1. With point charges of +1 on the Cβ of Lys and Arg and -1 on the Cβ of Asp and Glu, referenced to the Cα centre of the range 261-335, which listed residue (324, 275, 313) lies farthest in the positive direction of the dipole?
2. Compute the whole-percent fraction of alpha carbon pairs in the range 152-251 spaced more than 24 Å apart.
3. What FRET efficiency, computed as 1/(1 + (r/R0)^6) with R0 = 56 Å and r the Cβ-Cβ distance, is obtained for residue 135 and residue 222, rounded to the nearest 0.05?
4. Using the Cα centre of the chain as origin and beta-carbon charges of +1 (Lys, Arg) and -1 (Asp, Glu), tell me which of 84, 41, 73 is placed farthest towards the positive end of the dipole.
5. Less than 14 Å Cβ to Cβ from residue 131, Lys/Arg counted +1 and Asp/Glu -1: what total charge do the surrounding residues give?
6. Let me have the 222 nm mean residue ellipticity of the chain computed from DSSP H runs of 4+ only, each contributing -39500 (n - 2.57), with the sum over all residues rounded to the nearest 500.
7. Restrict the search to the range 1-85; then list the trypsin sites (Lys or Arg not before Pro) that DSSP places in a loop and that have at most 16 other Cβ atoms within 10 Å of their Cβ.
8. Using alpha carbons only, how many angstrom separate the centre of the range 139-160 from the centre of the range 60-95?
Amino acid sequence: MKLNYKRTILVGFAFFLISAFWQAYDAIVPLILTNHFGLPQSASGAVMSIDNVLAVFLLPIFGALSDKVNTKFGKRTPFVFFGAIAAMVAFVCLTFVDNYQLARVIAAGAPELEAAGATEAAAELALKLTTENSLPLIGFIATLLVVLLAMATFRSPAVALMPDVTLKPLRSKGNAIINLMGTAGGILVLVLGMVFATSKNHFMQYTPYVLAVVAIMATGLVIFLISVKEKKWAEEMEEESVRLGLEDAPAEDESGEKRKLSKGELVSLLLILASVALWYIGYNSITSKYSVYATNVLGFDFNFTLIIAQAAAIVSYIPVGMIASKVGRRKTILAGIAMLATAFLVGNFIEPTTPEIVMYPVFILAGMGWATINVNSFPMVVELAKGGDVGKYTGYYYTASMAAQIVAPILSGFLYDAFTMRVMFFAFGTVFVALSFVTMFFVKHGDAKPVAKKSALESLDVDD
């Protein structure tokens with residue numbers, strides 16, 4: 001039994017373009033809301049949570065809907081095609097709305113105030129202009145909704161495609177490749193951020209930057225559409241699963257109803273989803289506002305720091321898959337949680353006077369920890385899926401992560417406003433990541449069923 005790396009990489013181009021989008025979104029949208037519209041951290045956090053509110057309801061719906069779709073292109077590909085096209089067009093349009101507000105802020109003299117060191121006065125001026133005429137903000141949020149709706153239509157179907165074409169014991173390794181592809185998309189966008197100096201100028205037009213990001217997304221989409229033969233590959237996977245006897249029980253019971261989870265499986269599923277929610281609250285509170293924290297509090301270049309973290313994740317993905325095959329997904333995830341919590345704990349002690357280079361090992365550890373968690377958590381959820389329910393269980397996974405990310409920016413934003421961002425930024429993330437260790441500790445199901453190794457060479461390609 002061997003993982004088809006070529007197929008997995010090609011399937012991963014869907015996640016590549018998704019990750020490229022979210023890297024750009026998380027980098028510039030908080031900056032636009034804070035610097036161009038003058039919103040306080042709590043209000044900015046509320047806007048940043050909109051995508052998660054939509055995702056809680058829409059990702060399970062579109063995941064389950066794609067389970068039932070049957071076209072000559074497969075179940076998931078039509079969602080990826082139409083959703084990605086709509087998202088790219090709307091993302092560019094979003095910058096046009098921002099450009100209108102930016103022109104007002106520049107004309108009022110905000111850049112001059114900031115250049116003179118009056119950063120708070122510049123933010124107050126932007127907020128005053130937004131309050132006097134809220135139409136640009138309304139237009140920005142309306143366009144943002146279109147972007148987020150488009151992304152929601154294909155996120156679950158795109159992610160569900162990997163388990164659709166990958167045997168169960170190989171899904172941790174397959175997920176490592178998918179995450180590797182996503183990280184590659186994120187790094188390309190971070191490099192673009194450095195080229196366009198998105199962390200240096202608070203009052204820049206983001207249209208050229210977003211056009212470059214969309215070009216990367218479009219390239220990934222074209223490769224995906226040309227190369228991926230979804231229907232053929234899924235049928236081959238199902239035939240191979242039957243041949244190897246990888247299904248623990250029939251997908252349906254004697255009455256023809258879909259088999260339900262046992263009590264133990266259900267408890268494990270709920271604990272896994274609770275763990276996902278907790279570590280996403282901690283992690284998202286850092287990633288969704290790090291561009292603001294690094295730029296406005298520490299005075300660091302957030303792009304390069306995040307590239308360091310992404311590079312660490314890339315190096316970790318394949319070894320993490322191998323480790324999980326030896327010790328199990330649950331134990332590997334617990335190790336990843338410990339690494340991530342430790343990194344955030346150390347981050348609390350980094351100050352504006354600290355050399356920027358000190359932040360690099362912190363984010364290296366964070367990148368390794370997050371990679372360790374990500375490679376194994378999604379496969380544990382879909383491992384419990386029965387029959388044709390992979391899209392539905394993918395939706396469950398994203399419901400947990402997105403619901404958590406509704407809480408993260410709002411709650412952390414209020415705490416930043418109340419106790420300052422400097423005090424609460426890393427502390428908030430540390431606490432919630434540590435809590436996820438407790439829930440994950442009690443999980444009993446989700447590791448793949450072992451398969452007998454037939455040769456020493458073949459054993460290198462068997463997961464769990």
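1. Sorting the options by dipole projection puts first 324.
2. Details: 2073 of 4950 pairs.
Percentage above 24 Å: 42.
3. Details: r = 37 Å, r/R0 = 0.66.
Efficiency computed from Cβ-Cβ geometry: 0.95.
4. Projecting each Cα onto the dipole axis, the largest value belongs to 73.
5. That sum, taken over residues with Cβ under 14 Å, equals 0.
6. Taking each H run of at least 4 residues, the total per residue is -25500 deg cm²/dmol.
7. Details: sites: 2, 6, 7, 68, 72, 75, 76; in loops: 2, 72, 75, 76.
Listed in order of number, the matching sites are 2, 72.
8. 9
The values are calculated or read from the model by the stated rules, or taken from the named source; none is laboratory data. Please read these numbers as outputs of a predicted model, since none were measured by experiment. Neighbour counts run over all protein chains shown; Cβ positions are idealised from the backbone, glycine included. Only protein heavy atoms, including side chains, enter the accessible area calculation; ligands, DNA and RNA are left aside. Shrake-Rupley method; radii C 1.70, N 1.55, O 1.52, S 1.80 Å.
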